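Okay, so here's the structure we're looking at.
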Amino acid sequence: MTVAARLLALSAFAAALLAPATAAPAGGFYAPERILVPLAGDGTFSDYAGSRPAVDKDAQGREIVRLPATGKNETSLVFTFWRHRQPRPDAWPSGEKARASLTVTSPADITVRTQLVLNAGDAAAPLAGPVLQLAAGQPRTFELPLPAAAPAKPVESLRVHFSASQTLPELAVSDLSVGREVAVALYPPRHDRLRPAAPLALPGRAAPGSAVAVQALARDGRVAGEWRATASTADGRFSVTLDPASLPSGSLVLRAASRPAAGADTVWSADMPFFLYPVLKDGATLPMVAREGRHLLVEGRPWAFAGLNYTRFLLEFSIPNRADFKILADDFAKYGDWGVSVLRVPLHLGMFQPAPGVFPDDPRYLETLGRYKVDPRFFELFDYAVAVAGHHGIRLVLDWHEMPTDPYRYFVGGNNHDKGTDKPGTGIAWLYDPATKKAAEPGDPRFTKAIADTNRWLARRYKGNGNLLGIEAPYNEPHSLHDSADLAWRRITADTVLPIVSEDPARLTFGMPPAWGHSNVLNSVTWLLPDHLSGLAPHHYHGNGPIAVRPDARSRKEPWLARDVAATFDHAFASIALPHSAVPAPVWNGESGEHGYGSLLPEMSHRDASSLMIEAQLFQPYAAGWTGALGWTLTGNPTVYQPLVDIYEQAYRRFAPVYAAGPVDMSRAQVLFVQNVAAVPVANGLNHACVPFARLALDLHLGPVHYMTDDQLLGVGLVQMAVGLEQVEQAVAGFSYKAAIVDTRNLDARALDLLRGAKLPVLLTDDAAKLTAAELARFLKNSGLTLDEKTPSALQLVEGPAHFLVYRRSGEGPARAHPRLRVEGAFELIDEQGRVAFSGTAAALADKGLALDLPKWRTAIYQIRRK
């Protein structure tokens, strides 16, 4: 059932509830809070004790549920919530006035007794309802009490039991809802997604002649709208008019009250959920994002983003009757409110190309989806998502997370239980050969063509649309034999990017490295990007850095994430990011977050571990000069996501403004580290040789710094110059560094010659792990650098365009930071509570320092406010 139909159902309730009475009943008016019939996608009707309910339409076209005659004198109607839609205890009506309401029709006169049973983990004791005198063919609306106590767990099902002293005939049930009796009832109107700007009449009922106040509350509890009305003296009806364009879109709360006498407190009715679709402007999009060097630019200014992965298109919206416009619009409104500015959207390519050459603008598209029994509104919803995202200041990144290679994939029409049997698969899988039972793999021309053709279609469809940030290439987390070698990955990536930029030259494209997305050793995924690739979007989870695994790793669910905890929080991400520090293109972390918390932090609760990991993976990419961080979660999942929503919200509200002000300027690096990538053996696709350099840079507060492999140094610094006809001499490109530290193991001798030719002070070491902080500090000072020798190494200091951040790498207790900020003139540091933490000049701050008391692995954020 569509959201529009759900809202229409509320309007029908309003008409039914407003019509009959002329005065307020003693207990007040029933106000529905959750509609169960008509079906709204929250659940279904279950068989019970031989009764098989059937959903049907009555003569007027309204949805009803038929309870067939069973030859018995009792029957039950059981509504069962889908597990992912089970109402939380705080979202279920409770209290002495909590009620369920429904309408029942019998084809014959009969007296019926009623009961209600609520199941929230355990079935509660039956609650007796009224005894009904049903007249043949006459609908009867009645109410049953709900348990006064709030359920202890999410609600699983609600059962209404009917019994009589004679055999029950077939019963027809309609307008089933749960709600409360209130002094002032509101009946929210239908809001049409396709006509969202149209004014809405909000009807209600109160004591006849009473003065009524109505309020709409936004997500954060503030009053977003307020109206006044006077109830009719005849029957208590009233109505106010809402202007959707003047209210925030998404989930709101409506409440009403009879205006009290002077001096008395206002007693508001129970909060009633209400939803408004955004009012979209035709053709309006955000400005296109451009790329210049390491930076992404919005209207000429460096821009960075804090965002999330949005997984509903991959794991939910393709399922029949699950393409929910309301859920999507509400999610995006919430994320926009948090400050999220980018959402990565993992997708199944088969939902855009369900058969070779068949795309959403092809007349065969809907017919093809119908054969696979997936939701035909999928692309309509995706198209809507692009528009709604921009309305909330959000840009989308598209990711081919899955390909049409598995005919048993549940989310595209398959049945995973049939896998391994002789039953043929029923899902979208046109790259799978049933005869050989093999699918096309990466490197297969058919595999590459499927992506290239879909990329071309999407680029043409959304050409110039700034709500789309870019498309990842070639696909999610390459890791096979055929796409992991440097040249193989380079070729596949170029083949899938070229169709995009051919159709939309300004569209950004971002490379997904091999080795499950986290390789930082290949030239093509560090400094020598394929043609037309705008930047890199690797995946680095907090527990999967170049750090030794713990002795207990084998006993953990994900042993590769069970690494030394202190080292992980201290320097793992800095080590991961170091090989990207001198990359001439933007880099962001495409997946991160709390995944693997049970293996990395097994002694902590889910919430405590996740809080630390989410914060670290927002701070560390920013500190490394990356242009964005996207947390991975299963959107809406009741186990993985819902328990952490408040943690995500708090983290993004803190860090989103930091990213939005722009990334750390890596061009300020004065120190260069040089090394052969194989100075220490590569492991798990990661550069382990650079770890000692990363630690030294942190310990001495050198950031930002640059790191190059000898290949990179030669590639960017060695110039073959023509000095005459067919005569070439070798020259050195200019460097702006003040000092270079070189690990000589396996080093190409030309790299060292190049640095000496550039007349840079050079410190040589035959093992980076043996170089001490004291030795490095002495060399750097002798080379003319000024160091921060007051701030303890346990603190990590980061200066952005508008913020100063301090992260506690290790230790506890009070400390003092002495940052050497590049802020001219007088300024203030404003802490997260809005207090002035420092006022003065950069020289004064470096001298006097900033007192703080940060817990381990936590961040302090200060806004830099220039005077």
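Matching residues to (1) in contact (Cβ under 8 Å) with a residue 40 or more places away in the chain; (2) β-branched (Val, Ile, Thr); (3) under 30 Å from Asn637 (Cβ atoms):
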| residue | (1), (2), (3) |
| --- | --- |
| Gly61 | no, no, no |
| Gly71 | yes, no, no |
| Val112 | yes, yes, no |
| Val131 | no, yes, no |
| Ala136 | no, no, no |
| Pro139 | no, no, no |
| Leu144 | yes, no, no |
Right, Ala69: at pLDDT 90 or above and either touching a Pro at 6+ places or on another chain (Cβ under 6 Å) or not basic (Lys, Arg) (or both) or not? yes
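Condition check ((1) more than 30 Å from Gly466 (Cβ to Cβ); (2) crowded, with 18+ Cβ neighbours inside 10 Å; (3) under 27 Å from the mean Cα position of the chain (by Cα)) across all residues:
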| residue | (1), (2), (3) |
| --- | --- |
| Gly393 | no, no, yes |
| Trp400 | no, yes, yes |
| Phe411 | no, yes, yes |
| Pro442 | yes, yes, no |
| Ile451 | no, yes, yes |
Among the residues of region 536-543, is any among the small types (Gly, Ala, Ser), closer than 23 Å to Ala623 by Cβ and either open to solvent by 20 Å² or more (accessible area, probe 1.4 Å) or in contact with a Gly (Cβ under 7 Å, 6 or more places away or on another chain) (or both)? yes
Count of region 771-788 residues which are part of a helix (DSSP H, G or I) and touching a residue at least 40 places away in the same chain (Cβ under 8 Å): 5
Can you name the residue in region 822-865 that is of a type in the set (S, T, N, Q) and touching a strand residue (DSSP E or B) at 6+ places or on another chain (Cβ under 7 Å) and, of all such residues, is surrounded by the fewest Cβ atoms within 10 Å (Cβ to Cβ)? Ser839
Evaluate the following for Pro53: is it touching a Leu at 6+ places or on another chain (Cβ under 6 Å), open to solvent by less than 50 Å² (accessible area, probe 1.4 Å), closer than 17 Å to Asp42 by Cβ and touching a residue at least 24 places away in the same chain (Cβ under 8 Å)? yes
Total residues in region 300-351, condition out of contact with any helix residue (DSSP H, G or I) (no Cβ under 9 Å at 6 or more places or on another chain) and either within 29 Å of Arg190 (Cβ to Cβ) or modelled with pLDDT under 95 (or both): 3
So, Ala515, is that one within 28 Å of the chain's Cα centre (by Cα), under 30 Å from His688 (Cα atoms), of a type in the set (A, V, I, L, M) and surrounded by fewer than 22 Cβ atoms within 10 Å (Cβ to Cβ) or not? yes
Those residues that are in contact with a helix residue (DSSP H, G or I) (Cβ under 9 Å, 6 or more places away or on another chain), open to solvent by 50 Å² or more (accessible area, probe 1.4 Å) and within 30 Å of Phe569 (Cβ to Cβ), I need them from region 744-785; list them, please. Arg745, Ala769, Lys770, Thr772
What strands (runs of 3 or more DSSP E) lie completely within region 789-837 and have 1 or more residues being under 32 Å from the mean Cα position of the chain (by Cα) and hydrophobic (A, V, I, L, M, F, W, C)? 795-799, 803-808, 827-830
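Conditions tested, residue by residue: (1) under 29 Å from the mean Cα position of the chain (by Cα); (2) of a type in the set (A, V, I, L, M, F, W, C).
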{"residue": "Tyr597", "(1), (2)": "yes, no"}
{"residue": "Ala629", "(1), (2)": "yes, yes"}
{"residue": "Thr633", "(1), (2)": "yes, no"}
{"residue": "Ile647", "(1), (2)": "yes, yes"}
{"residue": "His701", "(1), (2)": "no, no"}
Scan region 442-468 residue by residue and report those that are out of contact with any Phe, Trp or Tyr (no Cβ under 8 Å at 6 or more places or on another chain) and more than 22 Å from Ala355 (Cα to Cα). Lys463, Gly464, Asn465, Gly466, Asn467
Filter region 602-613 for residues that are assigned to a loop (DSSP other than H, G, I, E, B) and closer than 18 Å to Tyr648 by Cα; the one that is most open to solvent (accessible area, probe 1.4 Å) is Met604
Quick one: would you say Ala616 is under 14 Å from the mean Cα position of the chain (by Cα), of a type in the set (Gly, Ala, Ser) and closer than 18 Å to Pro663 by Cβ? no
Would you tally the residues in region 42-65 being part of a strand (DSSP E or B) and either aromatic (Phe, Trp, Tyr) or over 27 Å from Ala120 (Cβ atoms) (or both)? 4
Can you report the number of residues in region 363-383 which are open to solvent by less than 30 Å² (accessible area, probe 1.4 Å), under 18 Å from Leu458 (Cα atoms) and not aliphatic (A, V, I, L, M)? 4
On the basis of being in contact (Cβ under 8 Å) with a residue 12 or more places away in the chain, under 27 Å from Phe275 (Cα atoms) and charged (D, E, K, R), does Lys97 make the cut? yes
Hits in region 584-607 (condition: out of contact with any Gly (no Cβ under 8 Å at 6 or more places or on another chain) and either within 16 Å of Ala623 (Cβ to Cβ) or of a type in the set (Gly, Ala, Ser) (or both)): Gly598, Ser605
Would you say Ala740 is within 18 Å of Ser581 (Cβ to Cβ), at pLDDT 95 or above and in a strand (DSSP E or B)? yes
Here are Ala136, Ala108, Ala183: which of them is touching a strand residue (DSSP E or B) at 6+ places or on another chain (Cβ under 7 Å) and of a type in the set (Gly, Ala, Ser)? Ala183
Could you tell me which of the residues Ser502, Ser480 is of a type in the set (S, T, N, Q), over 22 Å from Val342 (Cβ atoms), surrounded by fewer than 22 Cβ atoms within 10 Å (Cβ to Cβ) and touching a helix residue (DSSP H, G or I) at 6+ places or on another chain (Cβ under 8 Å)? Ser502
What number of residues in region 519-534 are closer than 16 Å to Asp483 by Cβ, free of Cβ contacts under 8 Å to residues at least 40 places away in the same chain and not aliphatic (A, V, I, L, M)? 1
Select from region 146-185 the residues that are in contact (Cβ under 8 Å) with a residue 60 or more places away in the chain, part of a loop (DSSP other than H, G, I, E, B) and open to solvent by 50 Å² or more (accessible area, probe 1.4 Å) and list them in ascending order. Ala150, Ala152, Lys153, Pro154, Glu156, Ser165, Gln166, Thr167, Glu170, Ala183
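The values are calculated or read from the model by the stated rules, or taken from the named source; none is laboratory data. For clarity, every value in this text was computed on a predicted model and none was experimentally measured. Note: ideal-geometry Cβ built from the backbone for every residue, glycine included; neighbour counts use all protein chains shown. Keep in mind that these areas ignore ligands, DNA and RNA; they rest on the heavy atoms of the full protein, side chains included. Shrake-Rupley method; radii C 1.70, N 1.55, O 1.52, S 1.80 Å.
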